[in-house]
1. Any idea which of (1) modelled with pLDDT of 90 or more; (2) assigned to a helix (DSSP H, G or I); (3) not small (Gly, Ala, Ser) is the one Val82 doesn't satisfy?
2. Go through (1) in the same structural domain as Arg106 (by TED's automatic domain parsing); (2) in a helix (DSSP H, G or I) for Asp93 and report which single condition fails.
3. For segment 161-204, which residues satisfy the criterion of being in contact with a Phe, Trp or Tyr (Cβ under 8 Å, 6 or more places away or on another chain), over 17 Å from Ala115 (Cβ atoms) and either touching a residue at least 40 places away in the same chain (Cβ under 8 Å) or not assigned by TED's automatic domain parsing to the domain that holds Val146 (or both)?
4. Looking at Ser174, is it under 24 Å from Gly40 (Cβ atoms), surrounded by 17 or more Cβ atoms within 10 Å (Cβ to Cβ), in contact with a helix residue (DSSP H, G or I) (Cβ under 8 Å, 6 or more places away or on another chain) and polar (S, T, N, Q)?
5. Mind listing whichever residues of segment 174-193 are more than 16 Å from Asp101 (Cβ to Cβ) and among the acidic types (Asp, Glu)?
6. So which residues in segment 123-153 are within 18 Å of the chain's Cα centre (by Cα), surrounded by 15 or more Cβ atoms within 10 Å (Cβ to Cβ) and touching a residue at least 40 places away in the same chain (Cβ under 8 Å)?
7. Restricting segment 160-171 to residues that are under 20 Å from Arg99 (Cα atoms) and among the hydroxyl-bearing types (Ser, Thr, Tyr), which is surrounded by the fewest Cβ atoms within 10 Å (Cβ to Cβ)?
8. Do we find that Asp133 is out of contact with any Leu (no Cβ under 8 Å at 6 or more places or on another chain) and at pLDDT 95 or above in this structure?
Amino acid sequence: MPSADMDHSDDLETQDGRRARRDRNKIAVVDAYLELIREGNPRPSVADVAERSGVSHRSVFRYFADKDELARTSIERQEAAVIPMVAIEVDPDRALADRIDLLVQRRLALYDAIAPVARLTRSLAPLQPILQDELTRSRLFLRVQVKRLFAPELSAMSKTRAASTLAVLDVLCSFEVAELLRADQDLSIDRAADALRDAVTAILS
């Protein structure tokens, strides 16, 4: 005769199985949302996401309160995936040309990896404080990264000039400038890299 302990164990296994299935389905919905965005659909409908993920339309709203929450969760998943691309570990004493080249390569590679989702983030941020805060934090991180990377050159300038130089470098290496070069002006990644490299070099030399 089954014991109470066995029944309890079965209940826990059932709950764990349901939780695991729910987690898998939730990830499938998020991944489907991201895939559709990368394929050129900037605002996937719930029907589109349900069809791509294999999850029912009704289930999508069991996992997410609304489309805004789905978008936020998807953006967070994308950000976690590209963290290794954002980090730049390099000695500030390394040759200036090497540091410039590394920064330009990383920022353009990051642009190519995140462009569709980054556009979504920027379109939703004014209406969603959580996304706006995350965008602000991300921009601050990237600005500090530039400041550290070119600390030797900036420290040799007056305080006023260093501040204005950092501001210009931050803009030059931003997503928005990469978007103009790659999407608006249709430059290849090599031509965009040459343009950015020349501009940053001119400012710091």
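The values are calculated or read from the model by the stated rules, or taken from the named source; none is laboratory data. Just so you know, these numbers come straight off a predicted model, no measurement behind them. For neighbour counting, all protein chains shown are included, and Cβ atoms are generated from backbone atoms with ideal geometry for every residue, glycine included.
1. All conditions are met except number (1).
2. (2)
3. Leu204
4. Values: under 24 Å from Gly40 (Cβ atoms): yes; surrounded by 17 or more Cβ atoms within 10 Å (Cβ to Cβ): yes; in contact with a helix residue (DSSP H, G or I) (Cβ under 8 Å, 6 or more places away or on another chain): yes; polar (S, T, N, Q): yes.
It is true that Ser174 is under 24 Å from Gly40 (Cβ atoms), surrounded by 17 or more Cβ atoms within 10 Å (Cβ to Cβ), in contact with a helix residue (DSSP H, G or I) (Cβ under 8 Å, 6 or more places away or on another chain) and polar (S, T, N, Q).
5. Taking segment 174-193 and keeping what is more than 16 Å from Asp101 (Cβ to Cβ), we get 174-177, 179-188.
Answer for segment 174-193, where residues must be more than 16 Å from Asp101 (Cβ to Cβ) and among the acidic types (Asp, Glu): Glu176, Glu179, Asp184, Asp186.
6. Applying the first criterion (within 18 Å of the chain's Cα centre (by Cα)) to segment 123-153 yields 123-126, 128-146.
Pick out the ones that are also surrounded by 15 or more Cβ atoms within 10 Å (Cβ to Cβ) and you get 124-125, 128, 131-132, 134-135, 138, 142-143, 145-146.
Residues satisfying the conditions are Leu124, Gln128, Leu131, Glu134, Ser138, Leu142, Gln145, Val146.
7. Among those that are under 20 Å from Arg99 (Cα atoms) and among the hydroxyl-bearing types (Ser, Thr, Tyr), it is Ser164.
8. Values: out of contact with any Leu (no Cβ under 8 Å at 6 or more places or on another chain): yes; at pLDDT 95 or above: no.
Criteria not met by Asp133.
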